[in-house]
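The values are calculated or read from the model by the stated rules, or taken from the named source; none is laboratory data. The shown structure was predicted, so the numbers you read here are calculated from the model rather than taken from an experiment. No Cβ is skipped: glycine too gets one built from the backbone with ideal geometry, and neighbour counts run over all protein chains shown. Calculation scope for accessible area: heavy atoms of the full protein, side chains included, ligands and nucleic acids excluded. Shrake-Rupley method; radii C 1.70, N 1.55, O 1.52, S 1.80 Å.
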Amino acid sequence: MKTTAVLITLALVLAAAPAALAADGTQYLLSRQTASGGFAEAGSATPSGTLTEWTGMGLRAAGVAAGSVHRSGGHTAAAYLAGRAAAWGNAYELERGILAVVAIGQNPSSFAGRDLVAALRARIGSHGGIGPAANSTYWGVLALRAAGSAIPERSVQYINSRRHRNGGYGWSPSAAPDSNDTAAAVLALRAAGTGCRSTAVARGLAYLASAQTGSHGYALLPGSAADSQSTSWAIQARHACGLRNRRSRAWLLARELPSGAFNYQPGTTVTPAFVTAQALPAVHGKWYPIR
């Protein structure tokens, strides 16, 4: 999908590799940028901070210098995020902020007048958990790894303690496992240096295999229908251990619509910008944290 407004960086990238953009949704995401520098979901003109953070990571995975993209006469994505950084307070906001800031090529220890890394480290509990949940710990470890900050051993032990008997990891200690949180836990463990043959990682990968469908996509829960984001998370976790994903990647690529966006499931299109942003790392053989 092309827009009448000129995207300077998009024009340069298009000149270099138009086929790649048409194939992976990058052009679609760039078309969702507003003059503020932030990105808006389909059907909306209002930019979303969270979408902009995920889009920054997705575009970087596709090889785009995401922080400098802008509409003609508009602000950059980096400027938009800098304008929001003061409000990042809880662990999730800081984690997404750090991951996005690193993806756009900025320093999270000195961004918009804040040390985001120090702010996140202040949310590491005595038990090793980061923020309020197991899920926030997975993403906290990924954010620390992205920033080049030391990962506490107690945080790794905390993640290990969250593994269920079936090998999966859940959103919170009391929540049932799901593929998205299991993939995030595996990525966090790998970021912390845990080996692929360790029980914590190998059992997690086995749980992910149980969520793969006959179509080769991955579902949120075993026995459910495959969706693009769950497939992307699973592919990334497997990539982090050097595992092949040819058929599941083919399933994901088949979700691309004529607009360049990725649908959530075959025949179901919801929040296409979010879905596309979170699909791009797997499409390009990357995994979180994106740098």
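Counting only residues that are part of a helix (DSSP H, G or I), touching a Gly at 6+ places or on another chain (Cβ under 9 Å) and not small (Gly, Ala, Ser), which one in the stretch 248-271 is surrounded by the fewest Cβ atoms within 10 Å (Cβ to Cβ)? Full working, then the answer.
Step one: of the stretch 248-271, the residues part of a helix (DSSP H, G or I) are 248-253.
Next cut, touching a Gly at 6+ places or on another chain (Cβ under 9 Å) only: 248-249, 251-252.
Remaining after also requiring not small (Gly, Ala, Ser): 249, 251-252.
On the way: ARG249: 19, TRP251: 21, LEU252: 25.
Filtering first and then ranking leaves ARG249.
Filter the stretch 202-218 down to residues that are open to solvent by less than 20 Å² (accessible area, probe 1.4 Å) and within 19 Å of the chain's Cα centre (by Cα) and give me whichever is farthest from GLN157 (Cα to Cα).
Pass one, the stretch 202-218, residues open to solvent by less than 20 Å² (accessible area, probe 1.4 Å): 204, 207-208, 211, 217-218.
Still in the list and also within 19 Å of the chain's Cα centre (by Cα): 204, 208, 217-218.
Values: GLY204: 15, LEU208: 21, GLY217: 30, TYR218: 27 Å.
Checked the stretch 202-218; the qualifying residue farthest from GLN157 (Cα to Cα) is GLY217.
Determine the pairs where a residue that is within 10 Å of ASN160 (Cα to Cα), located within the stretch 194-209, has a partner that is of a type in the set (D, E, K, R) with Cβ atoms under 9 Å apart, the partner being 6 or more residues away or on another chain.
Once the first residue is within 10 Å of ASN160 (Cα to Cα) and sits in the stretch 194-209, its partners that are of a type in the set (D, E, K, R) give THR199/ARG163; ALA200/ARG163; VAL201/ARG190.
Just the residues that are of a type in the set (D, E, K, R), under 22 Å from GLY285 (Cβ atoms) and modelled with pLDDT of 95 or more, please, taken from the stretch 1-59.
Residue satisfying the conditions is GLU53 alone.
Restricting attention to the stretch 64-110, report how many residues are touching a Ser or Thr at 6+ places or on another chain (Cβ under 9 Å), hydrophobic (A, V, I, L, M, F, W, C) and outside any helix (DSSP H, G or I).
Going through the stretch 64-110 one residue at a time, the tally reaches 4.
Return a yes/no flag: does the stretch 223-230 have any residue that is among the hydroxyl-bearing types (Ser, Thr, Tyr) and under 15 Å from the mean Cα position of the chain (by Cα).
Within the stretch 223-230 (the criterion being among the hydroxyl-bearing types (Ser, Thr, Tyr) and under 15 Å from the mean Cα position of the chain (by Cα)), the answer is yes, since at least one residue qualifies.
Is it the case, given these coordinates, that SER198 is more than 19 Å from ARG249 (Cβ to Cβ), more than 18 Å from the chain's Cα centre (by Cα) and modelled with pLDDT of 95 or more?
yes
Just need a number here: residues in the stretch 93-116 that are surrounded by fewer than 20 Cβ atoms within 10 Å (Cβ to Cβ) and more than 19 Å from VAL64 (Cβ to Cβ).
7
Which pairs have Cβ atoms under 6 Å, sit 6 or more apart or on different chains, and link a residue in the stretch 238-260 that is modelled with pLDDT of 95 or more to one that is assigned to a loop (DSSP other than H, G, I, E, B) and among the hydroxyl-bearing types (Ser, Thr, Tyr)?
Going by the 6 Å Cβ cut-off, the qualifying pairs are TRP251/SER215.
Taking the stretch 159-179, which residues are more than 29 Å from ALA61 (Cα to Cα) and assigned to a helix (DSSP H, G or I)?
SER161
I need the full set of residues from the stretch 197-230 which are assigned to a helix (DSSP H, G or I), over 16 Å from TYR169 (Cα atoms) and of a type in the set (Ser, Thr, Tyr), in order please. Give the derivation first.
Step one: filter the stretch 197-230 for residues assigned to a helix (DSSP H, G or I), giving 199-210, 228-230.
Retained after the next criterion (residues that are over 16 Å from TYR169 (Cα atoms)): 228-229.
Once the filter is applied, which keeps residues that are assigned to a helix (DSSP H, G or I), over 16 Å from TYR169 (Cα atoms) and of a type in the set (Ser, Thr, Tyr), the stretch 197-230 yields only SER228.
Here are LEU120, LEU205: which of them is modelled with pLDDT of 95 or more and within 18 Å of ASN90 (Cα to Cα)?
One residue alone meets the criteria, LEU120.
Could you tell me which numbered condition GLY242 fails, if it satisfies all but one of (1) in contact with a helix residue (DSSP H, G or I) (Cβ under 6 Å, 6 or more places away or on another chain); (2) open to solvent by 50 Å² or more (accessible area, probe 1.4 Å); (3) of a type outside the set (A, V, I, L, M, F, W, C)?
With respect to (1) in contact with a helix residue (DSSP H, G or I) (Cβ under 6 Å, 6 or more places away or on another chain); (2) open to solvent by 50 Å² or more (accessible area, probe 1.4 Å); (3) of a type outside the set (A, V, I, L, M, F, W, C), GLY242 is out only on (1).
When the stretch 41-55 is examined, which residues are found to be without any contact (Cβ under 8 Å) to a residue 24 or more places away in the chain and either under 21 Å from GLN106 (Cα atoms) or not hydrophobic (A, V, I, L, M, F, W, C) (or both)?
Those that are without any contact (Cβ under 8 Å) to a residue 24 or more places away in the chain and either under 21 Å from GLN106 (Cα atoms) or not hydrophobic (A, V, I, L, M, F, W, C) (or both): GLY43, SER44, THR46, SER48.
Say we look at the stretch 145-159 and pick out the residues that are buried (at least 16 other Cβ atoms within 10 Å of the Cβ) and either in contact with a His (Cβ under 7 Å, 6 or more places away or on another chain) or not small (Gly, Ala, Ser) (or both); which of these is farthest from THR199 (Cα to Cα)?
The residue in question is ARG145.
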